[in-house]
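Here the structure is laid out as structure tokens; the discussion comes afterwards.
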Amino acid sequence: MAGGRPIRALNVAEKPSVAKAVSGILSKSPSSGGLRVRDGRSRYNKIFEFNYTIQNQHFHMSFTSVTGHLMELEFEERYRKWHSCDPVQLYQAAVKKYVPEDKLDIKRTLEEEARKCQWLILWLDCDREGENIAFEVVEVCTQANRNLNIWRARFSALIDREIHYSMQHLVRPNQLFADAVDVRQEIDLRIGASFTRFQTMLLRDAFNLDFNTDDKNIILSYGPCQFPTLGFVVERFWEIQSHEPEEFWTINCTHNSEEGIATFSWTRGHLFDYTCAAIIYEMCVQEPTATVTRVRQQEKLKYPPHPLSTIELEKRASRYFRMSSEHTMKVAEDLYQAGFISYPRTETDSFSERTNLHMMVQEQQGHPVWGSYAQRLLDPEARLWRNPSGGGHDDKAHPPIHPTKFSAGEAGWSQDHHKLYELVVRHFLACVSQPAVGAETTVDIDIAGELFSASGRMIIAKNYLDIYRFESWGGSMIPTYNFGQQFTPATLTLDSGVTRPPPPLSEADLLSCMDKAGIGTDATMHDHIKKLLDRFYATKDSNTRFSPTKLGEALVMGYDDMGYELWKPYLRAMMESDMKAVSMGTKSKTEVLETCLQQMKACFVDAKSNKEKLFEAMAVFFERSNRSSTNEQNTVAEVVRRCNICQESEMVLRRKPDGNFMVGCTGFPHCKNVVWLPGSVSEAVVTTNVCSSCAPGPIYQIQFKFRRLEIPPNYNVDHLGCIGGCDDILRQLVEICGTGSRNSSSVQGRGSGHTPSSNSAQRSNSRGQNACANCRQTGHSSDLCPSRVSRGRNVRSQEADAQEGESSIPCSSCGAPCVLRTANTANNRGRKFYSCRPECNFFVWEDNINEGGRVTRGNISRTTSNPSRSGGRGRGGRSGRQSNDVAFVSATGEPISGRCFVCGDPSHFANVCPNRGR
DNA sequence: GCAAGGTC
């Protein structure tokens, strides 16, 4: 029997929609007294009121909501200004949680309601973030009312039975889950703020970042999610750049029958070894009769997609409509707010058994385009229905994205609203449909012991493909073949191709990479991608493919040169695993925080001391700026010599904002002559001493003081040096210590032949000349450098090509000169060969030429023909020694009489050549 | 002015 005075309970959900939905469910019973709604202080977060009974105890329920996190973590005031402290202090600086301005209304509502209540029931989402928000709510509410009895409702779906069950089985909130989020927040803040301040203040004003923006104060941010996201983009970019095209060979065969043409492909796929491919090809050509060894018929099914999660929605909208993930989420949010689709931020890709899928399909029956399909789905005789298969993910908070309200299009919708709603509906209808059915026929043939196969497909039932217009499954015809049947191919060609680099990452690829590596959450991934664009770290082309900008590549290159993998997803993965440990109670919050921050601080200190790597990497892509710090402006520059390049201005000693010294021309930017000095210089003063050996003079000597710990013990801390080129000590110290900046013209000045030692410096150029970072020639940038095709992360040695093109022999085929070149394929890298004009196609390995310059081994012509272009040629070969009528086919499709590629003899092929192997 | 995570 219910008894006692009703208890007043404050219920809080993570978002207004959940407060409304749960209140709606709980107030359905007649004893609830109906659902009342009143305004809170925040216009978005209403307060619902109703009566409810928990285990015979009457309650008066107030149900309101927050909007995600109520609090933010921030440094204490004295650390907030960027110049208030050394960024390294941010690893210990005091932090505090506070309610930001725009959440104060919600806070006041909670305080006011909490004062009136005895219980607090937390309905936050059932994940770690939700648990953390629960404790934020607890903090605010208990400050207003210390006597609250605090409970947590655990629910995984907004379904009547589940919600009532949750209310009847309240538990206590889980501090460990909330702790895990506290750890993440603090690490993210300290790492993000320290690295962002460090790299922004270090690099922004030191280089001319030529972005097309009015905002001069761009931020070079670092974050544990945004940087690995950039890392994926840069890594693919480098992969593309370092790709070395490799030639491969394949044998293709076609056959014409009365029913049509069949194209057979080689079971071996392709071979990179030309000799092997050619030998096999010759064997086939000599005995070209094909025998059918197997005819196989199989039923194939193409399954509909799993129910729609956020990431899949973003990926598919990008693929099908080229919508950015960020825009997709904006449009999805609109549709959700207006009640047309379910909550769009979900990891779940399977429907709960309790979901009434039929009812959702029924709603769509009236649609002018897909209504008839929905009707067919519901007709048992059509046998189109199939219970959806799940993808194995469940966030226990939200169902897969599905339509919640019928619409044939609303007046206020943009094209993108229409498209996205259509995608959600069609995807949902596809999920509950039968898979497409096809009949596949595969025919295997044997030619001279080599296997080839061809296949065809007939679509028997399209099923879900009828509604899911975004996917297709092509049908293709194949003539009828019988086991044992023999025929002569219409064409049999040895075709070449080259390997191609992968394409730049598409938005869908990027989302997959992030998902796989655990970078971001379903609700934030699109933000990280957008951040790359906003920060000028990457660009996206019209095909939704991402490439790094110079800035993005330079930053990643800088950290990579330091030996850090800060741009890889490992840090986040480690944090994720630590967070899991905290939430399971196997590690404490303090322990994880201390360890992680200690490691990151050490890394930060190290990165700071290696900042020249960032400078060098930036210098590969950007011109140094003449924007100088206040200190530098106040320094009276001391003249060292008259500029030996422009002959007009003075070269003066300067100290850069990063603390390093240089001698630069005052004619900058017109003249970009500069001499970089060792990074270990702590003091430098121009003296009145004139160097007696360097010309043209006078060149004033500089009194240097080096930092003891940064130079080898056998060097003096004090040194009177010259920048004219005579000073070996200065040159050695640049070699040893670097310059703390790029240094292709260090110490001896431009053109002195000095080779810089550091990795990035090798890619760097002379100051401001916009010379190629790769070959140091002007006239093109490094990304267009003809010698950079294979740069990747290591500049390919050009030395092997030194004699390339300088030597020639007469072509033994056409008489034209063949030029010496160097092979760059995997099997023959570095091997020299002579090749003739492209139209001749002749080439010979250099080591196949005897001392008299005579070609000892020739080469059959390579075919690069498209099989269809050579159709009909070479038909009718007979097995025998020589079969000129089954010919090799040239690039232009012309038959070439067969001859042995080993000795060039036209009377036999290489597989039987008596000279082979000698 | 900085992160990432909620959400409006």
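The values are calculated or read from the model by the stated rules, or taken from the named source; none is laboratory data. Note that the structure is a prediction, hence the values are computed from the model and not measured. Quick reminder, even Gly has a Cβ in these numbers, built from the backbone with ideal geometry, and neighbours come from all protein chains shown. What goes into the accessible areas is simple: the full protein's heavy atoms, side chains included, and nothing from ligands, DNA or RNA. Shrake-Rupley method; radii C 1.70, N 1.55, O 1.52, S 1.80 Å.
A 1.4 Å probe run over region A:138-199, with the rest of the protein chains in place, finds 40 Å² accessible per residue. By the gyration tensor of its Cα atoms, with a ≥ b ≥ c the square roots of the eigenvalues, what is the shape of region A:334-483: rounded for a/c under 1.5, prolate for a/b over b/c, or oblate? Here region A:334-483 falls in the prolate category. Label separation (A:Thr289 vs A:Ala411): 7.9 nm, computed from points 7 Å beyond Cα along the C-beta direction.
Ranking A:Thr67, A:Gln89, A:Ser29 by how far each Cα lies toward the positive end of the dipole of region A:3-173 (charges on Cβ) leaves A:Ser29 at the top.
Stretching the chain fully between A:Met584 and A:Arg41 yields a gain of 191.8 nm (0.36 nm per residue, less the alpha carbon separation). Of A:Val498, A:Val292, the residue with the largest accessible area leads and the full order is A:Val498, A:Val292 (1.4 Å probe).
The H on the amide N of A:Gly391, modeled in the peptide plane, is under 5 Å from the matching H of A:Asp349, A:Ser350, each at least 5 residues off or on a different chain. If you take the Cα centroid of region A:519-565 and the Cα centroid of region A:365-398, the two points sit 38 Å apart. In terms of its alpha-carbon gyration tensor, region A:3-173 comes out prolate; a/c meets the 1.5 threshold, and the first ratio a/b outweighs b/c.
Projecting label points 7 angstrom from Cα along Cα→Cβ for A:Lys516 and A:His418 puts them 3.7 nm apart. Of the GluC sites (Glu not before Pro) found in region A:213-283, those that fall in a DSSP loop while having at most 11 other beta-carbon atoms within 10 Å are A:Glu258, A:Glu259. Relative to its residue count, region A:407-526 spans a Cα convex hull of 239 Å³ per residue. At a probe radius of 1.4 angstrom, the accessible area of region A:260-328 per residue rounds to 44 square angstrom. Note on A:Arg115: accessible area approximately 140 square angstrom, rounded to 10, probe 1.4 Å, nucleic acids and ligands left out. The candidates A:Asp416, A:Asp534, arranged from most to least accessible area with a 1.4 Å probe in the full protein assembly, appear as A:Asp534, A:Asp416.
Could you check how much of the accessible area of region A:299-388 is carbon and sulfur, as a whole percent, using a 1.4 Å probe? Ligands and nucleic acids excluded, carbon and sulfur reach 44 percent.
Given R₀ = 22 Å, what would the calculated FRET efficiency be for A:Ser372 paired with A:Ile459, taking r from the Cβ atoms and rounding to 0.05?
Rounded to the nearest 0.05, the efficiency is 0.65.
Both numbers refer to the Cα atoms of region A:427-492; Rg and Dmax are 17.1, 52 Å. Under 5 Å from the amide H of A:Ser257 lie the amide H atoms of A:Ala262, each residue being 5 or more positions distant or on a separate chain, with H modelled from the backbone and absent for Pro and chain starts.
Need the C-alpha centroid separation for region A:228-246 versus region A:680-708, integer Å. If we compute the Cα centre of each part, the gap is 44 Å. Divided by 2.2 N^0.38 Å, where N counts the residues, the Cα radius of gyration of region A:205-329 comes to 1.89.
The rule of thumb for compact globular proteins, 2.2 N^0.38 Å, goes into the C-alpha radius of gyration of region A:455-511 1.88 times.
The orientation-averaged projection of the convex hull spanning the C-alpha atoms of region A:145-264 amounts to 22.1 square nanometres.
The local environment of A:Ile25, defined by Cβ-Cβ distances under 12 Å, has a net charge of +1 under the rule Lys, Arg +1 and Asp, Glu -1.
A cut-off under 12 angstrom between Cβ atoms defines the neighbours of A:Tyr336, and their net charge, with Lys, Arg +1 and Asp, Glu -1, is +2. Accessible surface ranking for A:Lys46, A:Lys20, 1.4 angstrom probe, highest first: A:Lys20, A:Lys46.
From most to least packed by mean Cβ count within 10 Å, the peptides A:177-183, A:560-566 give A:177-183, A:560-566. Each residue, A:Gln362 and A:Val685, gets one label point 7 Å from its Cα in the Cβ direction; the gap between the two is 9.4 nm. Mind grabbing the base-10 log of I(q)/I(0) for region A:479-631 at q = 0.12, 0.17 Å⁻¹? Debye formula, identical points on the C-alpha positions, no solvent, two decimal places. Rounded to two decimals, the profile gives -0.76, -1.22. The length gained on full extension between A:Tyr570 and A:Ile219, counted as 0.36 nm times the residue separation minus their Cα-Cα distance, comes to 124.0 nm. Taking the 1.4 Å solvent-accessible surface of region A:3-173 as the whole, the part contributed by carbon and sulfur is 49%.
The calculated FRET efficiency for A:Lys705 paired with A:Asp205, based on their beta-carbon distance and R0 = 25 Å, is about 0.45.
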